[in-house]
Structure formats: structure tokens, C-alpha cells
Amino acid sequence: MAGGEDRNVKALKDVWKRPENALCADCGKPDPDWASYTLGVFICLSCSGIHRNIPSISKVKSLRMDHWEVAQVQFLAQHGNGLGKATYEAHIPIYCYQPTYADCQVLREQWIRSKYERKDFTEPGRYVLYSDGLKEGILWKRGRDNGQFLPRKFILSEKDGCLKYFIKQDAKEPKINIKIDVINATFQPAKVGNPNGLQITYLKDNKTRNIFVYHENGKEIVDWFNAIRSVQFHYLKVAFPMASDNEIKSRLTRNFLKEGYMEKTGPKQKEAFKKRWFTLDHRRLMYFKDPLDAFAKGEVFVGSGENGYSVKPGLPAGMQGSFSWPHGLTIVTPDRDYLFTCETEREQQDWIAAFRRVIELPMTPQEYAIEAYFKVRS
């Protein structure tokens, strides 16, 4: 009996060690140590919790702690993450966002439900976000002045290439009409204070504007997110016909590189440092008095190293400004230096690493145009 059990444990370890099973089947996290014995896929602890919420589809066990029956191990051996992806991810639209372990709960849960529960990607054309090129519905939007979340009608039009929202459901004219090519959308549950919170950012007169929304239904808010990506993808396919699908995909919605509080001083570098919320959105460093402000109080363009931009730890020698946080950093640009302080050394290092990732990248023609605008504006 013991010998048979040992062979079963060894068989389980052999399947587990296959290269195809080295990453979580759902979020890509390394070294998954759970598996679904009804789907035959290897998953991480976090994704296993989501699988437990759909017991009619997936039943999970720990690969380290639970006892595995011979038939269950054989089932895993016949399946695995390679076959799982070939089955459940066979026809993913290129615009559809595939979350990683760094993404929020609602994105990962709806991805897993989309794959295994709804089987959205097993057949071509099955994943339908909207019909007739329109998606219309109610999202709860945060008021710019009072901070209250109120229901607002939103319409996304592929034909018009825009996202509109209306103060009243029967209103004929939208409050705002946003062209799809200037939109970014990123999930912000902590900032919005709702697990399904979404931040929609767009440019108006080349200045950044934020809208914060949520929907109580997780599938609905993720559908809106992917619908925005879909309209963007089709718009960019027309605008840039020579670009590959993967090039266009890389230009769809993006997560911010870094967010958090820093202190800053003014251009003369003699003013007292003030605490501000900073958001690094690729080459735009924006700062806000409050994380939920609709408009940025200011923006800094972060160019490439070959164009004279750099970041370094510390402040200039003899800096006499009034600041309360001890860990300084300086962004050097061709026109002036920007000085910031961070509360902890870890935050300072994280900000420097984020800036360096941007500075190391060559600038695109579009980014040269943005840089020129910043110089004219300043």
C-alpha cells in the first residue's frame, strides 16, 4: 500500500514539474502549488480561491498538503496547462485584456469565469461585448465637486469612435464626449473605494482629466473595460493600417507605472515642499492635491536619456527648502530640475526605478510632439 502511495506521489510531482505547468494557468504567477482536478490545470493560491467560488466547474486541491487519488493524478497527467490553454483560450480576441497576478481581484475573477464558466474563448466570435457597434448602460460616476457617486448613462460608439456620458438618462446631449484615441482606463479599487472601481483618464486640450466609475456587477465593469479596448483597437487599425496587431495591442489601455505620495517644491526651489499624489502614466508625471481629483494640478514630461533626461537620488547640495520627508530624488530635464522627497527609502527606490524604465526607452514621433507642447506651455 505504501509503495503504491509513494508511486502516486512521485507521479504527481512528475506532472507538476513539467515545463508547461511552471506558471499559473490563469495569471502566470510562477510555481503554482494548487491544481483543479476537474479542469486539469495548475494554478496559484490566489486563483485557487476564485476557482473555489465556481465549484460546479472547478474543484481544487493543494499539491503540497492534500491527498491526491490515483485517478485524479492520472487526469492531471492527461491534461495540464498546455491543453488547458489550447482548449479554454483558443479564440481570445486580441483586444481582450489577459490579467496577471499583479492585477486586481475583479479582473482575475472575471477572466477565470470567462474562460471556464462561460467558455467565452472556446469558439471564434463567442465573446460578444456589444451589438451594432454600441454599448450603453449605467455606471456610477463620482461627482467632480461633491465626491458622491451617482448613476450616469454611458454610451460607447464604435462608429463615432467616442465615449459619452449623460447627466440624465433622457438627456439628448452628452455632458462630455471623449474621443476614443485619448482614453486610458485602469482598475483602481483601492482609490475608488469599490472592488469594481475603474479610473477613466483622457486628454482634453492636452491636459489630463480623470473620471472615476464603478458597477456593482463585476462582469459588467470588465465588459466596459474590454469594450473600450475593442473600440480603441478598431480605431487604431484604421489610423495605422501598416501596424501589426501586437503593436496596436501595446497601445491600448495601460496600468500606471507608479502612483503614490511625494513632496515637491516649485520652480524656484525655494518654496516649502508640499505633499501631492503623483501618477506616472508612461511619460506623463501628473500630480494632484487628492488622488480622486478630476484634474491634475501639474504635469511633467519625462523624456528619454538620449534627449537629456535622467533621474538621480538625492537633492542638490545645500538644498535649504522646507521638507519633512528625508529621501530625495531629482528629475533632470533639458529645461530644469524637478525636486521631490519620499517618506521611505523603499518609495524613493521604487520611484527611481519607475522613472528609469521610462527614460531608457527611445521616444516615438508622437512623444516628440508631446514634449514640444510641454515646452511651449511652460
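How many residues does the range 88-134 contain that are assigned to a loop (DSSP other than H, G, I, E, B), in contact with an Asp or Glu (Cβ under 7 Å, 6 or more places away or on another chain) and either among the basic types (Lys, Arg) or on the phi > 0 side of the Ramachandran plot (or both)? Write out each step before concluding.
Initial filter on the range 88-134 (assigned to a loop (DSSP other than H, G, I, E, B)): 89-104, 118-130, 132-133.
Still in the list and also in contact with an Asp or Glu (Cβ under 7 Å, 6 or more places away or on another chain): 91, 94, 121, 126-127, 129, 133.
The next check asks that each one be either among the basic types (Lys, Arg) or on the phi > 0 side of the Ramachandran plot (or both); those that pass are 126, 133.
Residues in the range 88-134 being assigned to a loop (DSSP other than H, G, I, E, B), in contact with an Asp or Glu (Cβ under 7 Å, 6 or more places away or on another chain) and either among the basic types (Lys, Arg) or on the phi > 0 side of the Ramachandran plot (or both): 2 in total.
Filter the range 22-71 down to the residues that are in a loop (DSSP other than H, G, I, E, B) and of a type in the set (Phe, Trp, Tyr), then identify the one that is farthest from ASP103 (Cα to Cα). If we take residues in the range 22-71 being in a loop (DSSP other than H, G, I, E, B) and of a type in the set (Phe, Trp, Tyr), then TRP68 is farthest from ASP103 (Cα to Cα). Can you go through PRO241, PRO195 and tell me which one is surrounded by fewer than 18 Cβ atoms within 10 Å (Cβ to Cβ), of a type outside the set (Val, Ile, Thr), in contact with a strand residue (DSSP E or B) (Cβ under 9 Å, 6 or more places away or on another chain) and not assigned by TED's automatic domain parsing to the domain that holds VAL300? The match here is PRO195.
With respect to TYR368, determine if the residue is of a type outside the set (Val, Ile, Thr), outside the structural domain of VAL192 (by TED's automatic domain parsing) and in contact with a Gly (Cβ under 6 Å, 6 or more places away or on another chain). Write out each step before concluding.
Working: of a type outside the set (Val, Ile, Thr): yes; outside the structural domain of VAL192 (by TED's automatic domain parsing): yes; in contact with a Gly (Cβ under 6 Å, 6 or more places away or on another chain): no.
Here the answer is no, as TYR368 does not meet what is asked.
When the range 138-176 is filtered for residues that are part of a loop (DSSP other than H, G, I, E, B) and either modelled with pLDDT of 95 or more or under 24 Å from the mean Cα position of the chain (by Cα) (or both), the ones remaining, listed by number, are GLY143, ARG144, GLY147, GLU158, GLY161. Picking from residues in the range 293-318 that are aliphatic (A, V, I, L, M) and surrounded by fewer than 17 Cβ atoms within 10 Å (Cβ to Cβ), the one that is modelled with the highest pLDDT is ALA294.
Against the condition touching a residue at least 60 places away in the same chain (Cβ under 8 Å), surrounded by fewer than 17 Cβ atoms within 10 Å (Cβ to Cβ) and either touching a helix residue (DSSP H, G or I) at 6+ places or on another chain (Cβ under 6 Å) or not aliphatic (A, V, I, L, M) (or both), how does GLN105 come out, does it pass? Full working, then the answer.
Values: touching a residue at least 60 places away in the same chain (Cβ under 8 Å): yes; surrounded by fewer than 17 Cβ atoms within 10 Å (Cβ to Cβ): yes; either touching a helix residue (DSSP H, G or I) at 6+ places or on another chain (Cβ under 6 Å) or not aliphatic (A, V, I, L, M) (or both): yes.
The answer is yes for GLN105.
Of the residues ALA272, ALA317, which single one is part of a loop (DSSP other than H, G, I, E, B) and without any contact (Cβ under 8 Å) to a residue 12 or more places away in the chain? Of ALA272, ALA317, the one residue that is part of a loop (DSSP other than H, G, I, E, B) and without any contact (Cβ under 8 Å) to a residue 12 or more places away in the chain is ALA317.
Go through the range 226-269 and give me each residue that's touching a residue at least 12 places away in the same chain (Cβ under 8 Å) and hydroxyl-bearing (Ser, Thr, Tyr). The answer is SER230, TYR235, THR253, TYR261, THR265. Is at least one residue of the range 152-167 touching a strand residue (DSSP E or B) at 6+ places or on another chain (Cβ under 6 Å), farther than 28 Å from PRO99 by Cα and without any contact (Cβ under 8 Å) to a residue 40 or more places away in the chain? Within the range 152-167 (the criterion being touching a strand residue (DSSP E or B) at 6+ places or on another chain (Cβ under 6 Å), farther than 28 Å from PRO99 by Cα and without any contact (Cβ under 8 Å) to a residue 40 or more places away in the chain), the answer is yes, since at least one residue qualifies.
The values are calculated or read from the model by the stated rules, or taken from the named source; none is laboratory data. Everything numeric in this text was worked out from a predicted model, so none of it was measured. Please note: Cβ atoms are built from the backbone with ideal geometry, for glycine as well, and neighbour counts cover all protein chains shown.
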